[in-house]
1. State which residue pairs qualify: first residue in contact (Cβ under 8 Å) with a residue 60 or more places away in the chain and inside the range 294-311, second residue crowded, with 18+ Cβ neighbours inside 10 Å in any location, beta carbons under 6 Å apart, and separation of 6 or more residues or different chains.
2. Of the residues 202, 226, 197, which is touching a residue at least 40 places away in the same chain (Cβ under 8 Å), closer than 20 Å to residue 62 by Cβ and touching a helix residue (DSSP H, G or I) at 6+ places or on another chain (Cβ under 6 Å)?
3. Output the number of residues of the range 269-283 satisfying the condition of being farther than 17 Å from residue 62 by Cα, in contact with a strand residue (DSSP E or B) (Cβ under 9 Å, 6 or more places away or on another chain) and not in a strand (DSSP E or B).
4. Identify, from the list 75, 6, 20, the residue that is in contact (Cβ under 8 Å) with a residue 60 or more places away in the chain and either surrounded by fewer than 16 Cβ atoms within 10 Å (Cβ to Cβ) or in contact with a strand residue (DSSP E or B) (Cβ under 6 Å, 6 or more places away or on another chain) (or both).
5. In the range 111-142, how many are closer than 26 Å to residue 269 by Cβ and surrounded by fewer than 19 Cβ atoms within 10 Å (Cβ to Cβ)?
6. I'd like to know if the range 30-45 contains one or more residues that are modelled with pLDDT of 90 or more, out of contact with any strand residue (DSSP E or B) (no Cβ under 7 Å at 6 or more places or on another chain) and within 22 Å of residue 225 (Cβ to Cβ).
7. Quickly run through the range 302-317 and pick out the residues that are touching a strand residue (DSSP E or B) at 6+ places or on another chain (Cβ under 8 Å) and not in a loop (DSSP other than H, G, I, E, B).
8. How many residues, within the range 150-171, are outside any loop (DSSP other than H, G, I, E, B) and either under 19 Å from the mean Cα position of the chain (by Cα) or surrounded by 16 or more Cβ atoms within 10 Å (Cβ to Cβ) (or both)?
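The values are calculated or read from the model by the stated rules, or taken from the named source; none is laboratory data. Everything quoted here is computed from the prediction, not taken from an experiment. For neighbour counting, all protein chains shown are included, and Cβ atoms are generated from backbone atoms with ideal geometry for every residue, glycine included.
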């Protein structure tokens, strides 16, 4: 898992929090991710939206892709499709994705890089494996997070952010046992590179076997932890959280996580966890496939605008790669 590594002994450290005096967040619940097929038929694990966690405001969806070892010819992607009303954040841990969109953004996202696309008023984009991965196969592991936009920003001008692996802000836990990568937002005064419309914090933490991560957390944010690989516990109550499960914290001023002393063979670097939180928007949500607005009428308008070509056009050099599935929205 090469998604940016570092010697934690040389990094800035999070403060040590006094156990008795800290307002620790309790664990509100644990959700097991369900499996779905997306795009051209690749499998994802999705903890939300689900029957167990329908509302994670301001987050709309979290998909975990892999880790999977593709054989030659097996790698699949999500060909040209539209979005409106929110942001997609694609974090590639292993492998690579080629991104192209209708506003000229795009590139190769690989090994620790993040592609942050603000759909806003509307955009078309294409997320596919590079040709060498299709031909040769290889390891692929990624996560995609959807972040909602408030009513006043639903139709903001689309934009694209290419966050390279080396751009992430790196921190260490107070004892040096955990590496924290800040992709967006702030943690104890340290800012990540992602520019967000909706106030959020997005982290990837690697906890060595037996290590503990305790950090202040904004009281006006919610807080969730999703396990990419390995095993550990969350909260002062030490609630078990294995791979493919999401832990939801309650209210408070700090969160804590601890890696198990023994990690499974598929997680040799330790317990790999995504930690996300944000300020709830508290607005009505109307969603239909790739469109997320506030009302049903706005969804109908989005579909009409897409069909009329007002959400953008596929660049001419890519028109041949459009599939019939794109016409079914």
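1. 302/84; 302/291; 305/311; 306/82; 311/82; 311/122
2. 197
3. 4
4. It is 6.
5. Residues meeting the conditions: 6.
6. Within the range 30-45, not a single residue is modelled with pLDDT of 90 or more, out of contact with any strand residue (DSSP E or B) (no Cβ under 7 Å at 6 or more places or on another chain) and within 22 Å of residue 225 (Cβ to Cβ).
7. Across the range 302-317, the qualifying residues are 302, 303, 305, 306.
8. Qualifying residue count, the range 150-171: 12.
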